[in-house]
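Quick notes on the structure that follows.
The values are calculated or read from the model by the stated rules, or taken from the named source; none is laboratory data. Everything quoted here is computed from the prediction, not taken from an experiment. Cβ atoms come from the backbone with ideal geometry, glycine included; neighbour counts cover every protein chain shown.
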């Protein structure tokens, strides 16, 4: 065993010395290789973290949301639908939700106004999301004025700012009480934005949704599992799009690496010839080249992956965030939690380390099996 | 016959592989540390506040794309309706073009 290890150590020593003879070329290759792994790993880690986070957060979303559709568009829903819905067996609770959008021309951003169910907010007061507080420079006790749909100006006192660590779900939220909401948007009593319901048995959710569409044909139920699926698909899709955008540089690298790894230079051919002439076995030459490929690709993988990990989980994926998060004035500031999918990392490892190592070994095997004299000529 | 010590040894850097192997080992250790860090920090306790808020307010979407109503509340938007804002209004927000089509359209 120790003989085997010693032998590999000598081969590695020789390989490193050989790589050092073409220092510039090999360091350049390592740099480009590392950059490619860094780009791929960053996208992968960031989207995986966001996907996992979205799934965990939205597990607490309403089980079923019922929207009324008029002429193919989401419309206000009358409160008496609540009573009609209650007759469906399996529905444990139902309530109306009031929420809407407000475009603030001062910062050219959309806010989401929402009426909380279990939070008491005084008239003329509001609770603001941390993103709005940051953008508008608001703090508790400050006043903010908005022009309502009727043309009158409403002035609200900021009663509280929502926690900064919940910005991913609440950056653009403005919480007001029901009376203020209805007065601000001019929504009459007895109308809601949509309805939410809880189903006693989670296995019956689909059945309840089916019954809903029969009982209330002008409504559209949105299930929690559909919400979760939407976000899962969204991040997969975005990851795919970024990968497509990266495909050009990826292909360029593949051509470069393939050319470097598989096309033997005259100098390398001569080196193999000399090694064989002084008594190296074909297997030793192949082993030496295997170590060359493995050292370069493993080094690039580790460097690229670690740089991506630091980039995503310590610097909030500063390079990719604009593409993956979207484009908005009110941008949530959040640090993704490090969730890692072992299979994804293994896939990245396989597709970055394995092809290069193989590409280095195959042409060497061809050169090393030929006669040293012919190779050196 | 010259003494063995008199034979000129070709120049070969002693243990040239030591430094790269040490660096690789350090890289592997850091890789393992990143997995441990993810296992340590990557749990839902850090998200407890946000999760509670989602449950309390009945939130349905992440505030990631606040530029338009159909990107702010992706799961609530009538995404299958063409021309969301007015007839012939093409989607002009980059997020909108990065949102996947409905699942049924992507099924073979």
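Worth a mention:
- So residue A:166, is it at pLDDT below 90 and under 21 Å from residue B:73 (Cα atoms): yes
- Filter result for residue A:82 (closer than 18 Å to residue A:189 by Cα and touching a helix residue (DSSP H, G or I) at 6+ places or on another chain (Cβ under 9 Å)): no
- Of all residues in segment A:104-133 being more than 26 Å from the chain's Cα centre (by Cα) and facing chain B (nearest Cβ under 8 Å), the one that is surrounded by the fewest Cβ atoms within 10 Å (Cβ to Cβ): A:118
- Any chance residue A:101 is within 22 Å of residue A:220 (Cβ to Cβ) and within 14 Å of chain B (Cβ to nearest Cβ): yes
Here is a yes/no grid of residues against (1) over 30 Å from residue A:292 (Cα atoms); (2) out of contact with any strand residue (DSSP E or B) (no Cβ under 7 Å at 6 or more places or on another chain); (3) part of a strand (DSSP E or B); (4) not assigned by TED's automatic domain parsing to the domain that holds residue A:139:
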| residue | (1), (2), (3), (4) |
| --- | --- |
| A:160 | yes, no, yes, no |
| A:189 | yes, yes, no, no |
| A:203 | yes, yes, no, no |
| A:208 | yes, no, no, no |
| A:235 | yes, yes, no, yes |
| A:245 | yes, yes, no, yes |
| A:250 | no, yes, no, yes |
| A:254 | no, yes, no, yes |
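- Condition check for residue A:175: more than 23 Å from residue B:77 (Cα to Cα), within 8 Å of chain B (Cβ to nearest Cβ) and at pLDDT 90 or above: no
- Residue A:195, sole failed condition from (1) away from chain B (no Cβ under 14 Å); (2) not in a helix (DSSP H, G or I): (1)
- Of the residues making up segment A:71-95, those that are part of a strand (DSSP E or B) and within 11 Å of chain B (Cβ to nearest Cβ) number 4.
- Residue match in segment A:172-193 (condition: within 33 Å of the chain's Cα centre (by Cα) and closer than 22 Å to residue A:68 by Cβ): yes
- Taking the conditions (1) buried (at least 18 other Cβ atoms within 10 Å of the Cβ); (2) at pLDDT 90 or above; (3) facing another protein chain (nearest Cβ under 8 Å) in turn, residue A:42 satisfies each one other than (3).
- Only one of the numbered conditions (1) surrounded by fewer than 20 Cβ atoms within 10 Å (Cβ to Cβ); (2) over 19 Å from residue B:23 (Cβ atoms); (3) within 11 Å of another protein chain (Cβ to nearest Cβ) is violated by residue A:7, and that is (3).
Conditions (1) at pLDDT 90 or above; (2) surrounded by fewer than 18 Cβ atoms within 10 Å (Cβ to Cβ); (3) at the interface with chain B (Cβ under 9 Å from one of its Cβ atoms), marked per residue:
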site: A:289; (1), (2), (3): no, no, no
site: A:330; (1), (2), (3): no, no, yes
site: A:333; (1), (2), (3): no, yes, no
site: A:349; (1), (2), (3): yes, no, no
site: A:352; (1), (2), (3): no, no, no
site: A:355; (1), (2), (3): no, yes, no
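- When segment A:202-218 is filtered for residues that are within 32 Å of the chain's Cα centre (by Cα) and touching a residue at least 60 places away in the same chain (Cβ under 8 Å), the ones remaining, listed by number, are A:202, A:204, A:205, A:209.
- Unmet requirement for residue B:45, which otherwise passes all of (1) surrounded by 11 or more Cβ atoms within 10 Å (Cβ to Cβ); (2) more than 30 Å from residue A:11 (Cβ to Cβ); (3) at pLDDT 70 or above; (4) out of contact with any strand residue (DSSP E or B) (no Cβ under 9 Å at 6 or more places or on another chain): (1)
- Residue A:273 crowded, with 20+ Cβ neighbours inside 10 Å, at positive phi and modelled with pLDDT under 85: no
- Residues that are surrounded by 20 or more Cβ atoms within 10 Å (Cβ to Cβ) and either more than 10 Å from chain B (Cβ to nearest Cβ) or at positive phi (or both) within segment A:220-238 comprise just one, A:221.
- Filtered by the rule that a residue be more than 7 Å from chain A (Cβ to nearest Cβ) and either under 20 Å from the mean Cα position of the chain (by Cα) or more than 28 Å from residue A:304 (Cβ to Cβ) (or both), segment B:29-64 gives B:32, B:33, B:36, B:39, B:40, B:43, B:45, B:48, B:52, B:61.
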